[in-house]
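Everything on this sheet refers to the single structure shown next.
The values are calculated or read from the model by the stated rules, or taken from the named source; none is laboratory data. Values in this document were obtained by computation on a predicted structure and should not be read as measured data. When we count neighbours, we look across all protein chains shown, and the Cβ atoms used for this are built from the backbone with ideal geometry, even at glycine.
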Number of protein chains: 2
Amino acid sequence: MSDLLERLRGRGWRLTSQRRVVAEVLDGDHVHLTADEVHARAARRLPEISRTTVYNALGELVALGEVIEVSTDGRAKRYDPNARHPHQHLVCSGCGTVRDVHPTGDALADLPVEERFGFTVAQAEVTYWGVCPECAGAAGKGE
Amino acid sequence: MSDLLERLRGRGWRLTSQRRVVAEVLDGDHVHLTADEVHARAARRLPEISRTTVYNALGELVALGEVIEVSTDGRAKRYDPNARHPHQHLVCSGCGTVRDVHPTGDALADLPVEERFGFTVAQAEVTYWGVCPECAGAAGKGE
DNA sequence: ATTAGTGCAAAGTATTTGCAATCTA
DNA sequence: TAGATTGCAAATACTTTGCACTAAT
């Protein structure tokens with residue numbers, strides 16, 4: 001694990017203890033934390049870390065292209081470190097859990113020229129919405 | 001125009017002057033306004049209308065299924081009255097303009113069972129990102 | 001008349017900014 | 001050392017809430 005940290009070092013990212021914990025917290029698959037969650041986890045290891053610094057670090061990681069910003073609903077943005085592996089998201093409309101998925105087919109190719117309005121289309125982002133097993137179970141029991 | 005208002009009346013939506021202007025402002029195609037923009041436009045016709053009321057009305061229209069909430073980036077949500085006609089969005093990464101598009105193919109069918117993690121998948125939301133003709137032109141000239 | 005809708009003021013959540021102190025390379 | 005990074009405090013953007021007043025059916 002943590003080739004994220006490796007890569008960052010290689011790219012000359014000035015390394016500080018707070019940046020290190022942020023990168024460590026973000027490392028892995030199926031990680032989709034909000035800025036606040038990143039801060040909370042980072043603070044377990046480095047209690048003094050401030051929210052500002054977490055926001056700074058996240059912003060830079062996004063700018064570097066190492067992390068993707070995902071805004072599923074209108075709530076807090078989530079940060080996905082899986083930027084190097086193209087994927088889409090499956091979101092639970094109950095609890096907001098996010099999973100990385102790999103659909104077949106190419107959504108980009110499905111947009112006809114006459115539907116492009118002169119845009120230079122670069123990317124197709126697909127978000128699948130559904131109910132996760134946990135929420136489905138809870139719904140069946142509750143009420 | 002304004003079958004939105006017709007439909008709402010038919011569904012027993014208690015009609016007030018402020019709700020009327022909100023519905024009128026939202027009526028049409030390729031409309032993707034933020035709550036604040038809706039408020040601004042509504043205020044042209046009804047200066048006393050409050051933001052609270054606009055938020056209330058928008059929330060209800062969404063609950064009624066007459067309007068869709070779209071959050072492209074992490075910014076303010078946008079409201080799309082085109083709920084009855086299934087469509088996807090094409091967003092300009094330069095200026096944020098949104099156009100409704102109708103891709104061929106079915107993104108939902110492109111998600112294999114083994115990629116569903118036990119979720120009951122209900123919907124596939126596709127957002128195309130690109131640069132609109134205006135922004136492309138501006139980029140070519142500037143700098 | 002009843003019940004639902006309105007809007008002010010205030011609080012809440014998410015994120016950004018200015019700037020002095022601090023630390024990495 | 002020089003320039004980048006940190007983090008506090010305060011500001012900003014967006015949205016929600018409590019509650020007294022008003023209006024639609």
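Overview of results
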quantity	calculated
First in the stretch A:51-62 and hydroxyl-bearing (Ser, Thr, Tyr), second anywhere and near DNA strand D (Cβ under 10 Å from one of its atoms) and at pLDDT 95 or above, Cβ under 6 Å, 6 or more apart	A:Thr53/A:Gln18
Only listed residue being touching a helix residue (DSSP H, G or I) at 6+ places or on another chain (Cβ under 7 Å), in a loop (DSSP other than H, G, I, E, B) and either touching a residue at least 24 places away in the same chain (Cβ under 8 Å) or outside the structural domain of A:Gln18 (by TED's automatic domain parsing) (or both), chosen from A:Gly96, A:Gly105	A:Gly105
Residue match in the stretch A:40-58 (condition: among the charged types (D, E, K, R) and at positive phi)	no
B:Asp100 touching a His at 6+ places or on another chain (Cβ under 8 Å), under 20 Å from A:Val113 (Cα atoms) and not hydrophobic (A, V, I, L, M, F, W, C)	yes
Odd one out for A:Ala43, checked against (1) touching a residue at least 12 places away in the same chain (Cβ under 8 Å); (2) part of a helix (DSSP H, G or I)	(1)
Flag if B:Val131 is touching a residue at least 40 places away in the same chain (Cβ under 8 Å) and either within 19 Å of A:Ala122 (Cβ to Cβ) or away from chain A (no Cβ under 11 Å) (or both)	no
Residues within the stretch B:12-22 that are closer than 13 Å to B:Asn56 by Cβ and either free of Cβ contacts under 8 Å to residues at least 12 places away in the same chain or more than 15 Å from DNA strand C (Cβ to nearest atom) (or both), tallied	2
Filter result for the condition that a residue is at pLDDT 95 or above and surrounded by 14 or more Cβ atoms within 10 Å (Cβ to Cβ), over A:Val31, A:Val98, A:Val22	A:Val22
From B:Val67, B:Val121, residue being at the interface with chain A (Cβ under 7 Å from one of its Cβ atoms) and either in contact (Cβ under 8 Å) with a residue 40 or more places away in the chain or among the aliphatic types (A, V, I, L, M) (or both)	B:Val121
Filtered residues of the stretch A:74-110 (kept if within 16 Å of DNA strand C (Cβ to nearest atom) and more than 13 Å from the chain's Cα centre (by Cα))	A:Gly74, A:Arg75, A:Cys95
Those residues of the stretch B:7-37 which are more than 14 Å from chain A (Cβ to nearest Cβ), of a type in the set (D, E, K, R) and within 13 Å of DNA strand D (Cβ to nearest atom), in sequence order	B:Arg9, B:Arg11, B:Arg14, B:Arg19, B:Arg20, B:Glu37
Matching option when the condition is within 11 Å of the chain's Cα centre (by Cα) and not polar (S, T, N, Q), among B:Leu58, B:Leu46, B:Leu64, B:Leu15	B:Leu58
Unique residue being within 14 Å of DNA strand C (Cβ to nearest atom), over 27 Å from B:Glu115 (Cα atoms) and in contact with a Leu (Cβ under 9 Å, 6 or more places away or on another chain) when the list is A:Arg51, A:Arg9	A:Arg9
